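Q: I'd like to ask you about the structure that follows.
The values are calculated or read from the model by the stated rules, or taken from the named source; none is laboratory data. Keep in mind that this is a model prediction, so the values were computed, not measured. Here the Cβ is made from the backbone with ideal geometry for all residues, glycine too, and neighbour counts use every protein chain on show.
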Amino acid sequence: MSPELQSEMEGFEHALLMPVQFDVAGQCAVCEAAVAFGVDFQWSFASWNGQPVPNWRESLSCPKCHLNNRMRASAAYLLANSGPDDVVFLTEMLTPLFTTLERRRPYALVHRALTTDVHILKACSCMPCLPMTS
Ligand SMILES: [Zn+2]
């Protein structure tokens with residue numbers, strides 16, 4: 001067997017043994033609870049030997065708040081640096097980040113120009129969000 005074919009076969013067999021997803025135990029700063037963060041290989045990249053490496057920034061999803069690592073860091077920062085009566089400006093309302101912050105910061109503002117939802121109850125008053133007048 002050629003070295004190239006041997007290497008290809010080993011890579012194929014290793015891929016069969018790799019889990020599609022796995023859990024990592026940790027503490028969710030938003031839920032303030034011990035959880036098993038879900039890790040998958042979506043948005044992963046190949047290491048020097050061709051083996052997939054999880055995209056840790058876009059993975060490590062909390063099973064309770066459903067925030068990935070990047071969004072959880074943003075939510076934790078905003079929650080730690082604001083109070084329940086503070087106004088928090090959000091640029092979207094489609095992700096678990098919005099759901100999490102809306103529940104804990106009732107005065108959250110949403111940039112209306114970046115959404116298609118007509119049920120926005122709270123909208124900021126920046127120029128794109130102001131009603132058009134002719
Ligand atoms: Zn959480």
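Q: State whether the residues of segment 7-14 include one that is more than 16 Å from the ligand (Cβ to nearest atom), surrounded by 12 or more Cβ atoms within 10 Å (Cβ to Cβ) and part of a strand (DSSP E or B).
A: No; the residues of segment 7-14 include none that is more than 16 Å from the ligand (Cβ to nearest atom), surrounded by 12 or more Cβ atoms within 10 Å (Cβ to Cβ) and part of a strand (DSSP E or B).
Q: Quick one: would you say Asn81 is under 20 Å from the mean Cα position of the chain (by Cα) and within 16 Å of the ligand (Cβ to nearest atom)?
A: no
Q: Quick one: which residue in Asp23, Asp40 is within 30 Å of Ser7 (Cα to Cα), more than 16 Å from the ligand (Cβ to nearest atom) and of a type in the set (Asp, Glu)?
A: Answer to the check: Asp40.
Q: Within segment 82-98, which residues are out of contact with any Asp or Glu (no Cβ under 9 Å at 6 or more places or on another chain) and in contact (Cβ under 8 Å) with a residue 24 or more places away in the chain?
A: Phe89, Thr95, Pro96, Leu97
Each row is one residue, and each column tells you yes or no for (1) exposed (fewer than 15 other Cβ atoms within 10 Å of the Cβ); (2) under 19 Å from Cys28 (Cβ atoms); (3) among the charged types (D, E, K, R).
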position	(1), (2), (3)
His66	no, yes, no
Tyr77	yes, yes, no
Asp86	yes, no, yes
Thr91	yes, no, no
Leu94	yes, no, no
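Q: Those residues that are assigned to a strand (DSSP E or B) and either near the ligand (Cβ under 10 Å from one of its atoms) or outside the structural domain of Glu13 (by TED's automatic domain parsing) (or both), I need them from segment 50-78; list them, please.
A: Within segment 50-78, just Ser61 meets the criteria.
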